[in-house]
Amino acid sequence: MGRKRIIDYLMALVIVISLNFFLPRLLPGDPLLSIYGEDALITMTPEAKVELTRRMGLDKPLWEQFFNYLSGIVKGDLGYSYYFQGPVLDLLLGALPWTLLLTGLALIISTLIGFILGVESGWRKGRLADQGLLTGFMFLNGFPDLVIGLFLLLLFGVVLGLFPLGGAMTPYSQLTGVSLLLDVLHHLFLPLSALVLTEIASCYLLTRTTVVTLLEEPFILTARAKGIKPKNIRYRHVGRNSLLPIVTRTGVRLGRLFTGALFIETIFAYPGMGLLIYRAILGRDFPLIQGVFFLVAVVILLINFFVELIYPRIDPRVKNNAY
Amino acid sequence: MLEIKDLTITYGRNTVIKELNLTVPKGDVLAVIGESGAGKTTLALSLMGLCPGNVEGQIIYQGVDFLSLPEPQRRLLRWNKVSMVFQDLNRSFNPVMTVLEQIMEPMLEHELLSRKEAQKKAYYLLNKVGLAPVKGQMYPHQLSGGEKQRALIAMALTNDPEVLILDEPTAALDGLTKAKICELLKEVFSEKTVVLVTHDLSTAYQLANRVAVLYQGRIMELGLTKDILKNPRHPYTRGLVRSFPTLDATKDLQGIPGFGIEKQEGCVFANRCTQRIADCTKIIPKLEKRGEREIACLRGGVVNLLKVEDLTKVYSGVTALKGVSLDIEEGETVAVVGESGSGKTTLALCLMGLEKANQGSIYFQGEKIVKWNKEFYQKVQMIFQNPQDCISHRLNVLETVCEPLVIQKLGTPEERIHKAKKALRDVELPDEDEFLNRYAHHLSGGELQRLAIARALVLEPKLLIADEPTSALDASIQAKIMRLIMDLQEKRGLSILFITHDLALARKVSDRVFVLKDGQVVERGLSTQIFSLPQHPYTRKLLQATANFSDF
Amino acid sequence: MHINYVRGFKENRLGRLGIIFLALILSIAFLAPVLTAYSPRQVSENIFQPPSQKHWLGTNDLGQDIWSRVIFGARTSFITALSVGILTVTLAVFIGCSAALLRGIYERFVLRLIDIFLIIPNILLLLLTAAYLRPGPVTMVIVLSIFNWPGCARIIRAQTLTLQEKSHIKAAKTFGAGTFYILVKHIIPDLGPILASSFIAHARRAVFMEAGLAFLGISDPLLISWGTIINRALQYSYLNNWYWLLPPALGLSLTVMAFSFLGYTLEEILNPRLKVGKNAGD
């Protein structure tokens, strides 16, 4: 990865920070209103507002405010949530693990299943199994994450009552060890399934398209001529190449997974970043919204950066290119 | 040993290979040549059992019919018994695996060697094809075209197959690299049974000892490489050779008229063949032995059009021709060269029946000519040396061109005008009324000679005897007229007996040459040979006196 | 390459289904006022009514007729999809083509901007700006388009560069054609397939993004949107109100599906390798 790309990432970071800082301050009206939200201000006395403005440094020049904001970020100070009555950073760190667990597992499971089904289906292009899978996943792909979450909740949670309707674990149960793990998994099952189901379709479709296109490549013919076992052609030759677009699109997929998590956590009241941002929006808690935006953006930037860093290892052709 | 029996390959309704039979004995290198679309790659792939079409017939390696085996068993034979060097060298490697991994893969996959041994053998093979070991650790895109070709060859050799199939191994390479790869292939081919598919005749010539000419999925001609490429006997092979540029060819490039039609009755080449007869579109010719080679042609290959035996002509005690024998094939240009007074014009006149020979016989299309009748003149026409003389000043252009038709009583007046106009267009003269009404003295020398040619062609003859047709013209006009005649030959399969004293010109237009001295043929042979290695002192003398710009 | 779209869609099962779905939603959206006797905003005292002859899908917590809210929701969804599709593609064509044609520092700037924007997940940008702006329908369309153009613009720029290398465009230049003429007469028509598939992809995205933002309560709360209906219904899900939850969810799915099917069919038409019929694998 070249210097140019690293600068791209730094620029992206600067844009994220700048948006966070400037957007509320440049909007017409009282910046205090934009930063703290209407509901927070209603209950405040005028003296408290003046005090807050002073403390926030909103009466100082913009550049000085920006500098203070930056040093705040470096120190880990992302502001104070009026709605939840606590430092934003603490709230974020409390929610982040759950979202990482949910999206991380969803990413791994959907990639694995979607990829294998995609390879097997593309290999059998035009046959019954392929057409069945393709049609099935096309339909699945037509259901937005929101709707899939709803269906699962209604069917397995409400109607069948097999899984809890919300939360990440049974409150006040004081479980430990294996039973705690099982409890967590029990709560995780429905939101995770919903997220996997939405992501699996796009992963499958992308893999299948790549595989079908790759099958016409001469090197596949070479492999067949060499007497390579079909299974090895499918995975060593076709699979390895069709993994590339899936890896390249990790960034896009993470964005999509996060979006999905946003809706699904909201539906299942799963205590991750998605639910946090939903509540923040509901409560017009702007410091928290900004905090979530900042943290999620940084996490996705980091993962993207990492993927680009290791990408040349799986696609040797990239080494000689610009990056 | 590889045997192909009754191989037929179809894609849907399209038949790509038709009832093909071939035997490649052990150690033989057989080149399959033909235009693109002839079915070469399909044939190559079918030998690997990888042809996606519907394959019928047998492909037998050492007594085992490869095609009848179930796929898992075919897989075991691939690369062990028969391996292939693929055509598209840029895309035949997996882009994300190193070259070495891919070379080792077949040895490991067939569990022939341990990983360590396989690696050792891979490096040995890389060395054998002239690649440094470091190239093995590279990825395909890091290699040059020639290096990729070498790596592909190394990969084909891993499992020591007896049969090697190569699909256009030199197509994507520049001349120098091609030469090096050919050298390498010659070494690699020893002890192997090889099928080499290529459209590059020079590669075939260098590498193969036998050649099969494929057209529309059928073999047209099969035999020893040197025979076939130097002296093609099937009209299609001759077209291929004529359109292939080589350094030693003297005649200009000529193509093959028309293009292949997939569905037709009879001979697949019939629609492009200039010597076809009615049966050609009805009966499918079989590949039959003709001397050393096999030809699939109802007419037995390129036919003999005119044959002259032992022709002698004496004018009042002076012998103008003394026992002259020559022959002309369909679609061929034969030059008769010699200084003035060597008997060239006399020969032309005797052939046309304008002079009666004292001795000897003339055969046209196998029949001995006793009487020069209208039928004969329909098929044989002559262009004279001086166009001013040979066109009557009393006839206008239209009447001049129509005259042969009037004489032969062919067609209605309207049809004659139509034919005349077409003949004029063929020689690139205008066919407007204004021009049709002109008389000879209004025309330039070049226009007059074109008019003479148009008049000769209006009968659509098979043989054109041209006696110094351009000697009265400027070099630039001569060039145009000669190009015109050559084009007509390509389109119609016209045979030309070209009589000239200009050896430089003869070299550019003729397939074969007869050198005439004092009424006798002193040397005869292929133009390529006569002009580069003349045997007779007289020919050498003539050549020395020929126009050239060289300083030595 | 000549592409017969009509035949392609006719021959493809998913393509036919996509067109049928789209036509269905479209006619519901178009005929909405005819299909119901109630105004979607009309509040009444009959709250939480189950489905009946009078109210096909019952009423909500404000006594509004759910059926009329659902079919008017189709309008919002559809208009958003079309506008976002058109605006995004227009922006992308404008920026992508101008970058490819003008080259130089401008192109470098645009490319960097695109690269940077593609790193930041645009859903986040969307959330942040939407949270501040509380967008109405027009702002929503603009915001959605502004964050969606970069990917599309990158493809269009690359394709424009490829097209410029084609002989027929070089030929047009030798006839003295100006940049604008080449853009309008040659490049944009040749971009057709890419524009069509981008349009479909972005329209599809817009449908669920609009519903999603409405669901999260970010967009204008007065807007009648499937997302808002689902959000509201979910709050009363203890009433076992499937008749309230499912119809907007189905409408949403049907619309997204229609665009998905059309998009895939288009891909299949443009990439003949995907077509069924040729042998693949073993």
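The values are calculated or read from the model by the stated rules, or taken from the named source; none is laboratory data. All of these numbers come straight from a predicted model, not from anything done at the bench. Cβ: placed from backbone, ideal geometry, glycine included. Neighbour counts: every protein chain shown. Heads up: the accessible areas ignore ligands, DNA and RNA and are worked out on the full protein's heavy atoms, side chains in. Shrake-Rupley method; radii C 1.70, N 1.55, O 1.52, S 1.80 Å.
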Restricting the first residue to region A:147-163 and requiring it to be on the phi < 0 side of the Ramachandran plot and open to solvent by 50 Å² or more (accessible area, probe 1.4 Å), which pairs with a second residue that is modelled with pLDDT of 80 or more and in a helix (DSSP H, G or I) meet a Cβ separation below 7 Å and a spacing of at least six or different chains? A:Phe156/A:Leu190; A:Leu162/A:Phe156
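Listed here are the residues, each with its yes/no results for (1) open to solvent by less than 20 Å² (accessible area, probe 1.4 Å); (2) more than 9 Å from chain A (Cβ to nearest Cβ); (3) assigned to a loop (DSSP other than H, G, I, E, B).
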residue: B:Gly27; (1), (2), (3): no, yes, yes
residue: B:Ala31; (1), (2), (3): yes, yes, no
residue: B:Gly37; (1), (2), (3): no, yes, yes
residue: B:Gly57; (1), (2), (3): no, yes, no
residue: B:Leu76; (1), (2), (3): no, no, no
residue: B:Asn80; (1), (2), (3): no, no, yes
residue: B:Asp88; (1), (2), (3): no, no, yes
residue: B:Phe93; (1), (2), (3): yes, no, yes
residue: B:Leu100; (1), (2), (3): yes, yes, no
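Looking only at residues that are small (Gly, Ala, Ser) and touching a residue at least 60 places away in the same chain (Cβ under 8 Å) in region B:443-491, which one is nearest to B:Lys409 (Cα to Cα)? Don't jump to the end; show me each part of the working.
Going through region B:443-491, the residues small (Gly, Ala, Ser) turn out to be B:444-446, B:452, B:454, B:456, B:466, B:471-472, B:475-476, B:479.
Now drop any that are not touching a residue at least 60 places away in the same chain (Cβ under 8 Å), which leaves B:452, B:456, B:466, B:471-472.
Working: B:Ala452: 19, B:Ala456: 15, B:Ala466: 24, B:Ser471: 33, B:Ala472: 32 Å.
By that ranking, first place goes to B:Ala456.
Can you name every residue in region A:261-292 that is in a loop (DSSP other than H, G, I, E, B) and either facing chain C (nearest Cβ under 10 Å) or of a type outside the set (Ser, Thr, Tyr) (or both)? Steps first, please.
Residues of region A:261-292 in a loop (DSSP other than H, G, I, E, B): A:269-272, A:283-285.
Across region A:261-292, the qualifying residues are A:Ala269, A:Pro271, A:Gly272, A:Gly283, A:Arg284, A:Asp285.
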All positions within region B:398-449 that are farther than 20 Å from B:Tyr377 by Cα, in a helix (DSSP H, G or I) and of a type in the set (S, T, N, Q): none
Which listed residue is away from chain A (no Cβ under 14 Å) and either surrounded by 14 or more Cβ atoms within 10 Å (Cβ to Cβ) or not in a helix (DSSP H, G or I) (or both), from C:Gly8, C:Gly18: C:Gly8
Hits in region A:150-168 (condition: under 15 Å from A:Ala269 (Cβ atoms), away from chain C (no Cβ under 14 Å) and among the aliphatic types (A, V, I, L, M)): A:Ala168
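Within region B:295-397, considering only helices (runs of 4 or more DSSP H) that don't extend past its boundaries, which have at least 3 residues that are under 27 Å from B:Lys251 (Cβ atoms)? Break it down stepwise before answering.
Working: elements: B:344-351, B:374-379, B:387-390.
Hits in region B:295-397: B:344-351.
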Would region B:284-294 turn up any residue that is on the phi > 0 side of the Ramachandran plot, open to solvent by 10 Å² or more (accessible area, probe 1.4 Å) and not assigned by TED's automatic domain parsing to the domain that holds B:Leu526? yes
I'm checking my understanding of the structure. Among residues of region B:59-74 that are outside any helix (DSSP H, G or I) and touching a Phe, Trp or Tyr at 6+ places or on another chain (Cβ under 9 Å), which one is least open to solvent (accessible area, probe 1.4 Å)? B:Ile59
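Let me confirm something: among A:Gly177, A:Gly149, A:Gly161, A:Gly118, which residue is modelled with pLDDT of 85 or more, more than 17 Å from A:Phe263 (Cα to Cα) and not hydrophobic (A, V, I, L, M, F, W, C)?
Values: A:Gly177 fails: modelled with pLDDT of 85 or more; A:Gly149 fails: more than 17 Å from A:Phe263 (Cα to Cα); A:Gly161 fails: modelled with pLDDT of 85 or more.
One residue alone meets the criteria, A:Gly118.
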Go through region C:243-282 residue by residue and tally those that are under 26 Å from C:Gly58 (Cα atoms), at pLDDT below 85 and facing chain A (nearest Cβ under 7 Å). 1
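Hey, can you tell me all the residues within region A:300-321 that are open to solvent by less than 40 Å² (accessible area, probe 1.4 Å) and assigned to a helix (DSSP H, G or I)? Spell out how you get there, then give the answer.
Applying the first criterion (open to solvent by less than 40 Å² (accessible area, probe 1.4 Å)) to region A:300-321 yields A:300-301, A:304, A:307, A:311-312, A:315-316, A:318.
Those that are open to solvent by less than 40 Å² (accessible area, probe 1.4 Å) and assigned to a helix (DSSP H, G or I): A:Ile300, A:Leu301, A:Asn304, A:Val307, A:Tyr311, A:Pro312, A:Pro316, A:Val318.
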Tell me which of these B:Glu111 doesn't satisfy, since it passes every other one: (1) open to solvent by 20 Å² or more (accessible area, probe 1.4 Å); (2) in contact (Cβ under 8 Å) with a residue 24 or more places away in the chain; (3) on the phi > 0 side of the Ramachandran plot; (4) within 14 Å of chain A (Cβ to nearest Cβ). (2)
Please pick out the residue among B:Gln378, B:Gln408 that is open to solvent by less than 30 Å² (accessible area, probe 1.4 Å) and in contact (Cβ under 8 Å) with a residue 40 or more places away in the chain. B:Gln408
C:Trp56: passes all of (1) of a type in the set (Phe, Trp, Tyr); (2) open to solvent by less than 60 Å² (accessible area, probe 1.4 Å); (3) over 26 Å from the mean Cα position of the chain (by Cα) but (2)
Working only within region C:151-209, note down all residues that are surrounded by 20 or more Cβ atoms within 10 Å (Cβ to Cβ) and on the phi > 0 side of the Ramachandran plot. none
Within region C:214-230, residues within 10 Å of another protein chain (Cβ to nearest Cβ) and surrounded by fewer than 24 Cβ atoms within 10 Å (Cβ to Cβ) come out as C:Leu216, C:Gly217
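B:Val509 - would you say it is within 24 Å of B:Ile362 (Cβ to Cβ), out of contact with any helix residue (DSSP H, G or I) (no Cβ under 9 Å at 6 or more places or on another chain) and in the same structural domain as B:Asp389 (by TED's automatic domain parsing)? Walk me through it before giving the result.
Numbers: within 24 Å of B:Ile362 (Cβ to Cβ): yes; out of contact with any helix residue (DSSP H, G or I) (no Cβ under 9 Å at 6 or more places or on another chain): no; in the same structural domain as B:Asp389 (by TED's automatic domain parsing): yes.
The answer is no for B:Val509.
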Over region C:236-263, the set of residues without any contact (Cβ under 8 Å) to a residue 24 or more places away in the chain and either part of a helix (DSSP H, G or I) or open to solvent by less than 10 Å² (accessible area, probe 1.4 Å) (or both) is C:Ser237, C:Tyr238, C:Trp242, C:Leu245, C:Leu246, C:Ala249, C:Leu250, C:Ser253
Sort out which residues of region A:205-237 are open to solvent by less than 30 Å² (accessible area, probe 1.4 Å), more than 9 Å from chain B (Cβ to nearest Cβ) and among the hydrophobic types (A, V, I, L, M, F, W, C), and write them in order of number. A:Leu205, A:Val211, A:Val212, A:Leu214, A:Leu215, A:Ile233
Region B:494-508: number of residues that are buried (at least 22 other Cβ atoms within 10 Å of the Cβ) and not in a strand (DSSP E or B): 4
Inside region A:253-282, the number of residues satisfying the requirement of being surrounded by fewer than 18 Cβ atoms within 10 Å (Cβ to Cβ) and over 27 Å from A:Leu185 (Cα atoms) is 1
Identify the residue in region B:422-442 that is without any contact (Cβ under 8 Å) to a residue 40 or more places away in the chain and either open to solvent by less than 60 Å² (accessible area, probe 1.4 Å) or among the polar types (S, T, N, Q) (or both) and, among all such residues, is farthest from B:Glu490 (Cα to Cα). B:Phe435
Among (1) closer than 29 Å to C:Glu268 by Cβ; (2) within 11 Å of another protein chain (Cβ to nearest Cβ), where does C:Ala233 come up short? (1)
Given the conditions (1) open to solvent by 40 Å² or more (accessible area, probe 1.4 Å); (2) of a type in the set (Asp, Glu); (3) under 25 Å from B:Asp160 (Cα atoms), which single one is not true for B:Glu19? (3)
Can you find even one residue in region C:29-39 that is within 30 Å of C:Pro150 (Cβ to Cβ) and touching a helix residue (DSSP H, G or I) at 6+ places or on another chain (Cβ under 8 Å)? yes
